[in-house]
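Below you'll find the structure, written out as structure tokens, and then a few comments.
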Amino acid sequence: MFGRKKKGRDDIDATDLDSAQDVAVEEVDEVDEVDGTADDTTGPWSIDDLDGDRESIAEGRLDLGSVLLMLPAGGQLQVEMTQAGAPQAVHIVTPDGRITVAAFAAPKSPGQWRDVAAELADTLRRDNARVATETGPWGREVVGSAAGGDLRFIGVDGYRWMIRGVASGPAGSVEAGSPLVEQARAVVAATVVDRGSDPHPVRTPLPISLPPALAQQLAAAQQQQMAAAQAQAQAAVQQQVPQQQVPQQPVPQQQAPDADAAAEAQRRRGPSGSAMQQLD
């Protein structure tokens, strides 16, 4: 398979986890050997190198456009969206941790993963993580351990593309031979890359697209989340508004008698009493 390195400059199989102060960045470049578990009969593959049409190749895989992924048993999908609403990453969540596989544009000659691995290791060290490089099926793998959890980066160089797989989980979950690492390597090995003919700058993530059924499910879920958020916001506003008090009915006041009517009544009474009294 194109881009796979069978032998390295030195016979280093793995290194122990070291502190950020004890490990130099150059050590990442010392691991080029493969462990022998991958050969020309295993992937990842370029879709142009496989027989059959896209429909048959995608059978049993999740077609994301630039990559076609095989899902492990019990795996669930987690889609990461951009602010514009476009998918930018698809994660596979398993009981043991999370697996992410993405394809990137690369030059025709192999070697991009070597540079990326060195940069990843350097970044992890700057974040005060313990870093090690180990030999995997396709060569070097970068392992990082920090307080928030562990990471293992798996890279494969192809013709004008590079795959980067990431296994992430709690402490101890990405050790060699762990269920999560075995699942991640199996996903990478079964991946099919559709580089396409469009030009892309080197290291640019190849665009992904969601199958129509998955896109509809995601849109429905987003609508439900928006409706729930709006309902919560309305409930919060209603709780902040004080209850309306029942207005008290004003007590009717007696109106003062009309002045003319009062004068007429006084005239009729006269000085000696009321009008009725005068008739007696």
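Working only within the range 125-139, note down all residues that are in contact (Cβ under 8 Å) with a residue 40 or more places away in the chain and out of contact with any Leu (no Cβ under 7 Å at 6 or more places or on another chain).
Here is the first cut: in the range 125-139, the ones in contact (Cβ under 8 Å) with a residue 40 or more places away in the chain are 125-126, 128-139.
Passing the criteria: 125, 126, 128, 129, 133, 134, 135, 136, 137, 138, 139.
Checking the structure you have, find out if any residue of the range 179-196 is among the charged types (D, E, K, R) and out of contact with any strand residue (DSSP E or B) (no Cβ under 9 Å at 6 or more places or on another chain). Before the answer, list the steps.
Filtering the range 179-196 for residues among the charged types (D, E, K, R) gives 182, 185, 194-195.
Adding the requirement that they be out of contact with any strand residue (DSSP E or B) (no Cβ under 9 Å at 6 or more places or on another chain) leaves 182.
Yes: the range 179-196 contains one or more residues that are among the charged types (D, E, K, R) and out of contact with any strand residue (DSSP E or B) (no Cβ under 9 Å at 6 or more places or on another chain).
Within the range 19-36, does at least one residue satisfy the condition of being closer than 30 Å to residue 127 by Cβ, touching a Pro at 6+ places or on another chain (Cβ under 9 Å) and modelled with pLDDT under 90?
Let us first name the residues in the range 19-36 that are closer than 30 Å to residue 127 by Cβ, namely 19-35.
From the residues that got through so far, the ones that are touching a Pro at 6+ places or on another chain (Cβ under 9 Å) too are 34-35.
Filter once more, keeping what is modelled with pLDDT under 90: 34-35.
Among the residues of the range 19-36, at least one is closer than 30 Å to residue 127 by Cβ, touching a Pro at 6+ places or on another chain (Cβ under 9 Å) and modelled with pLDDT under 90, which makes the answer yes.
Quick test of your reading of the structure: residue 16 fulfils all but one of (1) modelled with pLDDT of 90 or more; (2) surrounded by fewer than 16 Cβ atoms within 10 Å (Cβ to Cβ); (3) in a loop (DSSP other than H, G, I, E, B). Name the failing condition by number.
Of (1) modelled with pLDDT of 90 or more; (2) surrounded by fewer than 16 Cβ atoms within 10 Å (Cβ to Cβ); (3) in a loop (DSSP other than H, G, I, E, B), only one is false for residue 16: (1).
Among the candidates 118, 186, which residue alone is in a helix (DSSP H, G or I), farther than 30 Å from residue 58 by Cβ, among the small types (Gly, Ala, Ser) and over 21 Å from the mean Cα position of the chain (by Cα)? Step through it out loud before you land on a result.
Values: 186 fails: farther than 30 Å from residue 58 by Cβ.
Only one candidate qualifies: 118.
Being surrounded by fewer than 19 Cβ atoms within 10 Å (Cβ to Cβ), of a type outside the set (D, E, K, R) and modelled with pLDDT of 95 or more is the filter here, so list the residues in the range 108-127 that pass it.
118, 123
Can you find a residue that is in a helix (DSSP H, G or I), closer than 30 Å to residue 146 by Cβ and at pLDDT 80 or above anywhere in the range 195-215?
Taking the range 195-215 and keeping what is in a helix (DSSP H, G or I), we get 212-215.
Filter again for closer than 30 Å to residue 146 by Cβ, leaving none.
No, every residue in the range 195-215 fails to be in a helix (DSSP H, G or I), closer than 30 Å to residue 146 by Cβ and at pLDDT 80 or above.
Say whether the condition of being buried (at least 20 other Cβ atoms within 10 Å of the Cβ), in a strand (DSSP E or B) and of a type in the set (Val, Ile, Thr) is met by at least one residue in the range 66-77.
yes
The values are calculated or read from the model by the stated rules, or taken from the named source; none is laboratory data. Keep in mind that what you see is a predicted model, and the values were worked out from it rather than measured. A quick note on method: Cβ atoms are made from the backbone with ideal geometry, for glycine too, and the neighbour counts reach across all protein chains shown.
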